[in-house]
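Heads up: the structure comes next, in structure tokens.
The values are calculated or read from the model by the stated rules, or taken from the named source; none is laboratory data. Everything quoted here is computed from the prediction, not taken from an experiment. Please note: Cβ atoms are built from the backbone with ideal geometry, for glycine as well, and neighbour counts cover all protein chains shown. Just the protein is used for accessible areas: all its heavy atoms, side chains included, with ligands, DNA and RNA removed. Shrake-Rupley method; radii C 1.70, N 1.55, O 1.52, S 1.80 Å.
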Amino acid sequence: MGNIMGKAMEENFNKHKKFMIEMQGVQLERQIHMQDQMRRRMQAMELARAREMFYWWATFYVVGFVGAVAAARRTKNRTALFPFFPLAFIVGYQADLAYGTKLTRIRAEAESILQSEPELVEPPSGVPTASLIDAARQKIKDEKRVRSRS
């Protein structure tokens, strides 16, 4: 009789264990998808921010350049146009970031770094493990206990 009960309990335990493992897999997959969606949303926000900044830079550049050309014509002094040459690089960079292929080039460079130079992106002291986190938590708990006794 005890053997039958033990066998039934072990079967139930194994079924429950299998179910829990499947649920953890589903939960992990959901977390991965959620993080990917959040990453995509953040990238979309950054791209939108770059485009908005491009509108401001381009407007500033055009208005300033038209004013400088008018001033240069009136005074016959072309030195007012010189600051617009470096500004052209800023506007060009922002345009490339907002509407060009800059993000594609950045992504390709990041993939190259991950493949050929992975040591550059390693966190200091390595990836934290559960045991390191638990040890740090225990240390803080012990320090609080010592302080409260003092």
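Give me a comma-separated list of calculated 3J(HN,Hα) values for region 120-128, in order, Karplus coefficients 6.51, -1.76, 1.60 applied at θ = phi - 60°, integers in Hz, x for any Gly or Pro.
With the stated coefficients, region 120-128 comes to 6, 10, 6, x, x, 6, x, 6, x Hz.
Ignoring ligands, DNA and RNA, what percent of the accessible area of the chain is carbon or sulfur (1.4 Å)? Show your work: numbers first, answer last.
Numbers: 8460 of 13340 Å².
The nonpolar share, carbon plus sulfur, comes to 63 percent.
Pick out the long, greasy-scoring helices in the chain: whole DSSP H runs spanning 15 Å or more along their own axis by Cα, mean Kyte-Doolittle at least -0.5. Intermediate results must be reported in sequence, preceding the final value.
Working: long enough: 2-75 (107 Å, -0.44); 84-99 (21 Å, 1.16); 102-116 (21 Å, -0.37); 130-149 (29 Å, -1.15).
Flagged H segments are 2-75, 84-99, 102-116.
When only DSSP loop residues count, what trypsin sites (Lys or Arg not before Pro) in region 1-95 have their Cβ near at most 12 other Cβ atoms within 10 Å? Provide the component values of the computation, followed by the final result.
Numbers: sites: Lys7, Lys15, Lys17, Lys18, Arg30, Arg39, Arg40, Arg41, Arg49, Arg51, Arg73, Arg74, Lys76, Arg78; in loops: Lys76.
Of the trypsin sites (Lys or Arg not before Pro), the ones in loops of region 1-95 whose Cβ has at most 12 other Cβ atoms within 10 Å are Lys76.
Once you have the Cα-Cα distance between Leu81 and Gln31, take 0.36 nm times their residue separation minus that, and quote the gain in nm to one decimal.
On the way: separation 50, 0.36 × 50 = 18.00 nm, distance 5.39 nm.
Here the answer is 12.6 nm.
222 nm [θ] for the chain, helices only, -39500 (n - 2.57) per DSSP H run of 4+, per residue, to 500? Before the final figure, lay out each step's value.
Details: 4 runs with 125 residues, N = 150.
-30000 deg cm²/dmol, from helical runs alone.
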